[in-house]
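Below is one structure, written out as C-alpha cells; the observations come after it.
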Amino acid sequence: MTTDTLASPATADPDALIADMGLRARAAAKRLAVTATAEKAAALNAAARWLRAKANTILEANARDMEAGKAAGLTSAMLDRLRLDENRLGAIADAVEAVAALPDPVGAIIDRAKRPNGMELERVRVPLGVVGIIYESRPNVTADAAALGLMSGNAVILRGGSEAVHSNGAIHAAFVGGLTEAGLPAEAVQIIPTQDRAAVGALLRAQGHIDIIIPRGGKGLVARVQDEARVPVLAHLDGICHLYIDGSADPDKAVALAVNAKMRRTGICGATETILIDRSYGAPQAIVDALIAAGCEVRGDSAITALSPHVTPASAVDWDSEYLDAIVSIAAVDGIEGALAHIDAHSSRHTDAIVTEDEAAARRFLGEVDSAIVMHNASTQFADGGEFGLGAEIGIATGRLHARGPVALEGLTTYKWLVHGTGQVRP
C-alpha cells in the first residue's frame, strides 16, 4: 500500500473491512505466538533497516502532512507531535532495534508451585492476541506499536489520525517491508486503509476479532473509545501531572526540575501542568521567574500572583486542565498535607512528583499518591517507556486493571496456567 492508496472498495462496509483484517490478524497472531525470539528480533532489526533506507520517502510524506496541518490550523503542540526530521526518524529506528534487544516476555514463567498431591503448576506469559491501536498526531506510534506488538507475539491493527496519514502510511510500508524480508507475515502489522470514522466504530465493535483496544491521543478520542468500545480498553484520559515543591526542597533542583518538567516538551502527556509550592518554601519567586523567562505563561492563586505582575489569576478550570502548551498553573499549599489533598482532588493519576530533601516526606508522598507513576526529585518528563528501560511504549495506562504506567512488552501479555500431573484424579 502506498501513502496515496488509503481507501479501497472494501471500505464501503467498515464492519466487513475490520472483520477481514481481524481474520488475517488472527492467523498472523497464531504464527507469532510460537515464533522464536531470535526470529522476531531479526524481523525487527530488518524493519529498522528499512525505516532508515526509506528515510527520504518517509520525510517527504511527513512534509505533506505538516503542510496540510499548518493549513488546517493545527496547534503548535499538535504540529510538534507530527513533525519528523532525520534525528526523530533515526530515533524511531533506534527504538525498534531497542525492542528487538529486550527480553522476550512470551513463555516467561511468572511463578510455579507444587501441590500436596504432586501436581506442578506454572503461570506462563502468553500474547494477548490481536491488538487494535487508535492514535493521533504522532507517527512514531506506528513503528512503536508495530515493534512492541511483534516482539510480544501479538498482531496489531493500526488506525492513525488523518493529520499523519501520509507519514503513517510510509512508516508502515517500510516496517512491513522489513518483516516480509525476514519471513514473517505482513498481516502481523496492518493499517486501516481509510480515514472514514465509521471504521473506528467498526474496530470498537469487533468482538471476537480484536482482543483489546489501546487509544493514544487527545481527550476526545479516548473518551469516544471508552464510551463506545465493546472490547476491553487500556488507556489514560488526561495527563494532569503535578510537581510539588516541598519546604525542604533544594532551590537549584526545584528551579531546574520545574522548568524541565513543564517546558522540555509541552505537548507530551508527562509534561507537568500544575506546580504546588509549600508555603514554607523559601524561594518561590525564583521558580516563577524562571518559568516566565523560559516563555511559559503562569497562572496562579493569590499567593503566586503576588510574586510577579506577569502572573495571571488562575480559575477553577485551570486546576483540572491538561494544557499541552507553554502554560502552567501554580498554587501555594500548606505543606505535604495540602499537596496530597490537591493532588487527590485534581490529579488524573498519570504522573506526580515531589521535590524534597526530607526522606520522610518523600516516603509519604510516594506511598500515598495514587498515580501510575510517582517520582521523587525527578522531572515528570521521564514518564516514558524508553526512559524506564522498556524500549518503546504503546501508551501510559492509568487504570488499575491488567497494566499500569508505561505499557510495553509485558503489558501486552497475559498468562495461562500450565498444570503437570502424573495421573492425579480429584477425590
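Since every read-out is calculated from the coordinates, none of them should be taken as a lab result. Just so we're clear, the structure is a prediction, and the values are computed from it rather than from any experiment. Cβ: placed from backbone, ideal geometry, glycine included. Neighbour counts: every protein chain shown.
A few comments on the model shown:
- Cβ-to-Cβ counts within 10 Å put 66, 119 in ascending order as 119, 66, the fewest first.
- Relative contact order, percent, region 241-382 [alpha-carbon distance under 8 Å, six or more residues apart]: 34
- Going from the residue with the fewest nearby Cβ atoms within 10 Å to the one with the most, 37, 274, 413 rank 37, 413, 274.
- Label positions at residue 75 and residue 101, each projected 7 Å from the Cα along the C-beta direction, are separated by 3.6 nm.
- With helices as the sole contributors, the chain gives -12500 deg cm²/dmol at 222 nm; each DSSP H run of n ≥ 4 counts as -39500 (n - 2.57), and the sum is divided by every residue.
- FRET efficiency, residue 315 to residue 198 (Cβ-Cβ, R0 45 Å, nearest 0.05): 0.75
- Amide H contacts under 5 Å for residue 241, placed H, 5+ residues apart: 273, 274
- Gain on full stretching of the segment that runs from residue 400 to residue 358 - 0.36 nm per residue minus C-alpha separation: 12.2 nm
- Across the chain, Cα pairs under 8 Å and at least six residues apart give a relative contact order of 19 percent.
- Cβ-Cβ distance of residue 16 and residue 108, R₀ of 41 Å, FRET efficiency by 1/(1 + (r/R0)^6): the value works out to about 0.65.
- Kyte-Doolittle mean at least -0.5 and Cα axial length at least 20 Å: DSSP H helices in the chain: 14-33, 37-53, 55-72, 86-100, 165-181
- Cβ-derived FRET efficiency at R0 45 Å, residue 366 paired with residue 426, nearest 0.05: 0.50
- Amide H contacts of residue 395 (H built 1.01 Å from N, in plane; Pro and chain starts excluded): 407 sit under 5 Å, all sequence-distant by 5 or more or on other chains.
- Between region 230-275 and region 378-421, the alpha-carbon center distance in angstrom: 20
- Paramagnetic reach from residue 419 in region 87-129 [backbone N under 19 Å; point 7 Å along Cα→Cβ]: 110-126
- Centroid-to-centroid separation of region 142-189 and region 64-108 [C-alpha atoms, Å]: 13
- The ranking of 346, 242, 236 by Cβ neighbour count inside 10 Å, starting from the fewest, reads 346, 236, 242.
- Of all DSSP beta bridges in the chain, antiparallel share, percent nearest 5: 30
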